[in-house]
Amino acid sequence: MTILITDKTYDKEFVKKIEEISGENFHQCMQCGTCSSGCPMNESMDFPPRKTMLLCHFGLRDLVMEANTAWICATCNTCYVRCPRGIDIPRVMEAIRQLTLRKNINYIEPQKIPEKVLGQLPQIALVSCFRKHTS
């Protein structure tokens with residue numbers, strides 16, 4: 001996939017918001033791939049954590065926000081623990097989720113979950129899911 005980065009594609013405000021919400025300087029990422037190699041959810045993501053950091057660095061808001069990566073992230077902290085630069089990638093993922101949720105756009109609509117499924121799921125898992133995926 002080739003991406004052309006221009007003044008029109010670079011969203012300076014997006015980069016600033018991600019830095020502000022997460023408190024992380026993701027520009028320090030040296031693209032070693034350690035985060036992606038240890039990620040247990042890597043196979044389910046549109047973009048692995050390494051590529052997400054790169055897309056954030058280049059301010060490619062649309063690609064980052066449309067991807068499922070931040071929503072699939074289990075926030076297990078494996079990437080953070082292994083990162084040689086000490087970047088707290090789960091905090092960056094949370095910042096990406098927050099930018100969507102602040103627009104009152106839910107990733108999951110609780111009313112659309114079938115009752116049969118609701119009855120089979122552990123309550124603590126439901127509460128955790130709703131905290132992460134709804135505004």
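The values are calculated or read from the model by the stated rules, or taken from the named source; none is laboratory data. All values reported here derive from a predicted model rather than from experimental measurement. Cβ atoms come from the backbone with ideal geometry, glycine included; neighbour counts cover every protein chain shown.
If you go through the range 103-119 and keep only what is assigned to a helix (DSSP H, G or I) and surrounded by 11 or more Cβ atoms within 10 Å (Cβ to Cβ), you end up with 110, 118. Within the range 113-120, one or more residues are farther than 19 Å from residue 26 by Cα, modelled with pLDDT under 95 and touching a helix residue (DSSP H, G or I) at 6+ places or on another chain (Cβ under 9 Å).
Please verify whether residue 131 is of a type in the set (D, E, K, R), free of Cβ contacts under 8 Å to residues at least 24 places away in the same chain, part of a helix (DSSP H, G or I) and out of contact with any Asp or Glu (no Cβ under 9 Å at 6 or more places or on another chain), treating the condition exactly as stated. Before the answer, list the steps.
Values: of a type in the set (D, E, K, R): yes; free of Cβ contacts under 8 Å to residues at least 24 places away in the same chain: yes; part of a helix (DSSP H, G or I): yes; out of contact with any Asp or Glu (no Cβ under 9 Å at 6 or more places or on another chain): yes.
So residue 131 passes the test.
Each residue in the range 84-104 was checked for being under 15 Å from the mean Cα position of the chain (by Cα) and more than 17 Å from residue 57 (Cα to Cα), and 4 pass. For residue 48, the stated conditions do not hold, so it cannot be described as in contact (Cβ under 8 Å) with a residue 12 or more places away in the chain and closer than 27 Å to residue 126 by Cβ.
Could you tell me which residue of the range 68-93 is nearest to residue 24 (Cα to Cα), considering only residues that are out of contact with any helix residue (DSSP H, G or I) (no Cβ under 7 Å at 6 or more places or on another chain) and modelled with pLDDT of 95 or more? If you could, list the steps in order and put the result at the bottom.
In the first step, residues of the range 68-93 are kept if they are out of contact with any helix residue (DSSP H, G or I) (no Cβ under 7 Å at 6 or more places or on another chain); the result is 68, 74, 76, 81, 86.
Still in the list and also modelled with pLDDT of 95 or more: 81, 86.
Working: 81: 14, 86: 9 Å.
Within the range 68-93, the match that is nearest to residue 24 (Cα to Cα) is 86.
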